[in-house]
Amino acid sequence: MAAEINCTPMGCAASLTGLKNKMPVEAVGFPYDLLNQTGEVSLDPGDLFIAWEITRLAGQDMALKKQRVLTMLILAVQAMSVEGSTRLPLSEGGHLERILKDLQADDQEMTLIQKLLSEAEEAAAKPGSGGLANIFGKPDQYRPLIIDHGCLYIQKLYALEGRVGNSLIERISAIDEATAELEAALQEVFSTPPAAGIVKAVLDEQQKLAVRMALGGRLTVISGRPGSGKTSIVASILRVLARTGNPPLQSIALAAPSGKAAERMRQSVTDHLTSVEDAGEPDRRLIDNCPPATTLHRLLGYSPGKDRFWHNEFNPLSENLVIVDESSMIDLTMMDHLLRALQPEANLILLGDADQLPSIEAGAVLRDLCRSRLAVEKKKRVVVLEKSYRAREEDSAGKSILELAAAINEGRLPEEVVGGSALATRREVQEIEFEGVENLVAGDESRRTAFLSRWHELLTSGLPDLDERLQNKYRTGPAGFDPENIAKLKETFAYFERFRILCATRRSAGGTGSEEVNTWFYHRWLEYLRQKGIATERPHFLVGEPVMMVRNDYALRLYNGDSGLVLYVEIESESRQRPAEPMAVFPRSGSFVAYPLEALRGRLEPAWATTVHKAQGSEYDNVAIILPTAYVRTLTRELLYTAVTRAKKSVVILGSEEILKLGVSHSLKRASGLTDMLR
């Protein structure tokens, strides 16, 4: 039977699915029934097609039952990669068994897969013998799947992990001796801290150790929960180098995985530097010549058209020092690109929180480094900051946030935290005080709706001239916004950044996904604007609506995760003045930029609520965490810890106690060989 098939992974799988009723399974051996199971392990039909194509490398003589279980085994390796692991441990009762159950493998198939693994081990030891030896290989061989240390790897991830591990080992082992000039600069910086109000913001001993360590090696890791003073350490490092000139300021790069994290890094460092009392000439020079903060993609010169980076081992970065914030978000592939682009003698400083959610893609490099015996114990290249300066322990609300975050991180249940005092249970919406940590036991949709209404009231009542700011026409021209408009925009942005709803999932989850919450807020905000006479129509985005980029736009320098506000903007030019229209306004380098909403179509979404992943690198005064109505795999203690530590003043957890406990009891376990390499 002749049939035309679209030979792309997705297209071929879809075409085969369409032919399902026209040709017997035996004709091609394609396991059609697994198409219904790929979604259970976060895969798609294209992944099944790739697994099937790899299976066919074993030859046409393999029995159909064996082809099927081999395809299931390959799907299991792919599923682990999608979950963020770099390898699939083959031990019984672990990840492999869990994924096979999700694929609905029966007992006979489980047995066949264990037998297949034994045969694969033997075949890998006999390269060139054909059959399974065409698929499975040892570490020194080039095969689709690599068997090593009782684990199964996708060859690309195995190569990446090995390259990253070797590079990290070299950098961890390179340590410089402190000079007299460096010691003098350190003492001068430590003795002239910035002022936080009337109090000197003196670095504690852990922070001082981190500064010293960062200036004495090729790799330094500084891990600490949000608000532990990591950016104060960065500013102190820059102040020291402004005095020694080694390396010079123009040879230093500040970077972060996302545009928002880079902007926060820039702002935090600037605030620190401008708060230094009796600043010396080196400090004044640093303020005028502070290295700009940028995204890693921009630093490495990513070309979206060619899908590659300009800087690599053959064209390294000119910078001699690269400082990266929010490093927990860096996946294995990006870390590989970064390490390859560094000059051998360049220094790399990684800052982040190893207990937060790791990268979305495969790898958890920061976590692995913080668990590395070589980096932590032998070479002492890791500093863990324990004190928080965001939610201060002296404040009762801040203390309860810290206590709950610590308990979640340790896997302890909320009622075990100081007799349960850190988490106040509220049965009714009216009881919420928006102080410290509160749990509203939400049993039905009506209570969630009542809470969202209360949150809307909180948002609209905290700024007396909110309506005026929403109706204001912010003017911009060839030189950008003027100082008066910039000041007003900063106040407006600061107010809206005080509130954020965080969700475990984006899509439908019984009314608890961020998309559903944003839809609810759209209608409520439209009603509010109509009551105030600010809006009469029903546009796609509303004035005053928080928005977020969901795709990179390299031409406009807007990146996935960048947050903005929709406001009326009037553009002035020498030739003509355009009437004010709602535009998306984003902060940039101490000022703001505005773009027509139509120019961002398909790359912008509302952000009254966002997923916890999207909120990484941000901080808010008031955070609401909406739990799903039924347990989902993404709800882990790392997600809850990350969500709680976004808050400075109050956290409201909306959901059942049972779901909360399930989330705390489940940890995000990623299988990685990097820890073994760094041991």
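On the given criteria, is Glu605 in a helix (DSSP H, G or I), more than 16 Å from the chain's Cα centre (by Cα) and surrounded by fewer than 20 Cβ atoms within 10 Å (Cβ to Cβ)? No: the conditions fail for Glu605. Put simply, of Leu88, Leu73, Leu96 the only residue that is in contact with a strand residue (DSSP E or B) (Cβ under 9 Å, 6 or more places away or on another chain), farther than 20 Å from Pro31 by Cα, open to solvent by less than 50 Å² (accessible area, probe 1.4 Å) and of a type outside the set (Lys, Arg) is Leu88. Between Gln104, Gln155, Gln187, the distinction of being under 30 Å from Arg371 (Cα atoms) and within 36 Å of the chain's Cα centre (by Cα) belongs to Gln155 only. For region 303-350, filtering for residues that are surrounded by fewer than 19 Cβ atoms within 10 Å (Cβ to Cβ), of a type in the set (Phe, Trp, Tyr) and assigned to a strand (DSSP E or B) leaves 0.
Limited to region 564-595, what total is found for residues that are closer than 20 Å to Leu526 by Cα and either open to solvent by 60 Å² or more (accessible area, probe 1.4 Å) or part of a strand (DSSP E or B) (or both)? It would help to see each step written out before you state the result.
Start the filter on region 564-595 by keeping residues that are closer than 20 Å to Leu526 by Cα, which leaves 564-569, 580-585.
With either open to solvent by 60 Å² or more (accessible area, probe 1.4 Å) or part of a strand (DSSP E or B) (or both) added as a condition, the list becomes 564-569, 581-585.
Matching residues across region 564-595 total 11.
When the residues of region 298-334 are filtered to those that are out of contact with any Asp or Glu (no Cβ under 7 Å at 6 or more places or on another chain) and among the β-branched types (Val, Ile, Thr), the one that is farthest from Asp353 (Cα to Cα) is Val322.
May I ask you to list the residues in region 267-302 that are over 22 Å from Leu186 (Cβ atoms), part of a strand (DSSP E or B) and not small (Gly, Ala, Ser)? Thr294, Thr295, Tyr302 - these are the residues of region 267-302 that are over 22 Å from Leu186 (Cβ atoms), part of a strand (DSSP E or B) and not small (Gly, Ala, Ser).
For first residues located in region 268-293 and at negative phi, partners that are among the acidic types (Asp, Glu) and assigned to a helix (DSSP H, G or I) and lie 6+ apart or on another chain with Cβ distances below 6 Å form the pairs Val276/Asp283. The set of residues from region 199-214 being touching a residue at least 60 places away in the same chain (Cβ under 8 Å) and either on the phi > 0 side of the Ramachandran plot or among the aliphatic types (A, V, I, L, M) (or both) comprises Ala201, Leu209, Ala210, Met213, Ala214.
Limited to region 435-465, what total is found for residues that are part of a helix (DSSP H, G or I) and either in contact with a His (Cβ under 8 Å, 6 or more places away or on another chain) or not aliphatic (A, V, I, L, M) (or both)? Before you say what the answer is, go through the steps one by one.
At the first step, the residues of region 435-465 found to be part of a helix (DSSP H, G or I) are 445-461.
Okay, now just the ones that are also either in contact with a His (Cβ under 8 Å, 6 or more places away or on another chain) or not aliphatic (A, V, I, L, M) (or both), so 445-449, 451, 453-457, 460-461.
Counting residues in region 435-465 that are part of a helix (DSSP H, G or I) and either in contact with a His (Cβ under 8 Å, 6 or more places away or on another chain) or not aliphatic (A, V, I, L, M) (or both) gives 13.
Residues in region 146-158 that are surrounded by 20 or more Cβ atoms within 10 Å (Cβ to Cβ) and closer than 16 Å to Gln114 by Cα: Ile147, Cys151, Leu152. Taken together, the residues in region 228-269 that are over 19 Å from the mean Cα position of the chain (by Cα), open to solvent by 10 Å² or more (accessible area, probe 1.4 Å) and among the basic types (Lys, Arg) amount to 1.
Could you tell me whether Gly363 is modelled with pLDDT under 90, open to solvent by less than 50 Å² (accessible area, probe 1.4 Å) and under 24 Å from the mean Cα position of the chain (by Cα)?
Details: modelled with pLDDT under 90: yes; open to solvent by less than 50 Å² (accessible area, probe 1.4 Å): yes; under 24 Å from the mean Cα position of the chain (by Cα): yes.
Here the answer is yes, as Gly363 does meet what is asked.
Out of the residues in region 192-227 that are modelled with pLDDT under 85 and within 27 Å of the chain's Cα centre (by Cα), which is most open to solvent (accessible area, probe 1.4 Å)? Top of the filtered list is Arg225.
For Ala79, the requirement of being touching an Asp or Glu at 6+ places or on another chain (Cβ under 9 Å) and either open to solvent by 10 Å² or more (accessible area, probe 1.4 Å) or hydrophobic (A, V, I, L, M, F, W, C) (or both) is met.
Scanning region 124-145 for residues that are open to solvent by less than 30 Å² (accessible area, probe 1.4 Å) and more than 19 Å from Ile113 (Cβ to Cβ) returns a single hit, Gly130.
Identify, please: which residue in region 43-60 is open to solvent by 40 Å² or more (accessible area, probe 1.4 Å) and touching a residue at least 40 places away in the same chain (Cβ under 8 Å) and is, among those, nearest to Ile146 (Cα to Cα)? My answer is Leu57.
Do we have any residue at all in region 313-321 that's under 25 Å from Asp368 (Cβ atoms), out of contact with any strand residue (DSSP E or B) (no Cβ under 9 Å at 6 or more places or on another chain) and either in contact (Cβ under 8 Å) with a residue 24 or more places away in the chain or among the basic types (Lys, Arg) (or both)? Within region 313-321, one or more residues are under 25 Å from Asp368 (Cβ atoms), out of contact with any strand residue (DSSP E or B) (no Cβ under 9 Å at 6 or more places or on another chain) and either in contact (Cβ under 8 Å) with a residue 24 or more places away in the chain or among the basic types (Lys, Arg) (or both).
Residues in region 277-302 that are touching a Phe, Trp or Tyr at 6+ places or on another chain (Cβ under 7 Å) and open to solvent by 40 Å² or more (accessible area, probe 1.4 Å): Tyr302 alone. Screening Glu177 on (1) more than 33 Å from the chain's Cα centre (by Cα); (2) outside any loop (DSSP other than H, G, I, E, B) shows it passes everything except condition (2).
Can you say whether Val189 is open to solvent by less than 40 Å² (accessible area, probe 1.4 Å), at pLDDT below 90 and part of a helix (DSSP H, G or I), as far as the supplied structure shows? Yes: the conditions hold for Val189. Taking the conditions exactly as written (closer than 30 Å to Ser91 by Cα, basic (Lys, Arg) and part of a loop (DSSP other than H, G, I, E, B)), does Arg143 satisfy them or not? Yes: the conditions hold for Arg143.
Consider region 517-533. How many of its residues are in contact with a helix residue (DSSP H, G or I) (Cβ under 9 Å, 6 or more places away or on another chain), assigned to a helix (DSSP H, G or I) and open to solvent by 10 Å² or more (accessible area, probe 1.4 Å)?
Taking region 517-533 as the starting set, the residues that turn out to be in contact with a helix residue (DSSP H, G or I) (Cβ under 9 Å, 6 or more places away or on another chain) are 517, 520-521, 524-525, 528-529, 532-533.
Next, from what is left, pick out any that are assigned to a helix (DSSP H, G or I): 517, 520-521, 524-525, 528-529.
Within this subset, residues satisfying the condition of being open to solvent by 10 Å² or more (accessible area, probe 1.4 Å) are 520, 524, 528.
Within region 517-533, residues that are in contact with a helix residue (DSSP H, G or I) (Cβ under 9 Å, 6 or more places away or on another chain), assigned to a helix (DSSP H, G or I) and open to solvent by 10 Å² or more (accessible area, probe 1.4 Å) number 3.
Scanning region 466-507 for residues that are closer than 30 Å to Gly663 by Cβ and either within 21 Å of the chain's Cα centre (by Cα) or in a strand (DSSP E or B) (or both) yields Glu497, Arg498, Phe499, Arg500, Ile501, Leu502, Cys503, Ala504, Thr505, Arg506, Arg507.
Put simply, of Val585, Val623, Val593 the only residue that is within 20 Å of the chain's Cα centre (by Cα), at pLDDT 90 or above and aliphatic (A, V, I, L, M) is Val623.
Among the residues of region 628-665, which ones are touching a Lys or Arg at 6+ places or on another chain (Cβ under 6 Å) and either at positive phi or open to solvent by 10 Å² or more (accessible area, probe 1.4 Å) (or both)?
Taking region 628-665 as the starting set, the residues that turn out to be touching a Lys or Arg at 6+ places or on another chain (Cβ under 6 Å) are 645, 648, 664.
Residues satisfying the conditions are Thr645, Lys648.
Being among the polar types (S, T, N, Q) and surrounded by fewer than 18 Cβ atoms within 10 Å (Cβ to Cβ): is that true of Thr536 here? Yes; evaluated as a whole, the condition is true for this residue.
Among residues that are open to solvent by 30 Å² or more (accessible area, probe 1.4 Å) and either closer than 27 Å to Ala643 by Cα or part of a loop (DSSP other than H, G, I, E, B) (or both), Glu377 is not included.
The values are calculated or read from the model by the stated rules, or taken from the named source; none is laboratory data. Not measured: the values here are computed from a predicted model. Virtual Cβ from ideal backbone geometry, glycine too; neighbours counted across all protein chains shown. Ligands, DNA and RNA are stripped out before the accessible areas are found, and what is left, the full protein with its side chains, is counted by its heavy atoms. Shrake-Rupley method; radii C 1.70, N 1.55, O 1.52, S 1.80 Å.
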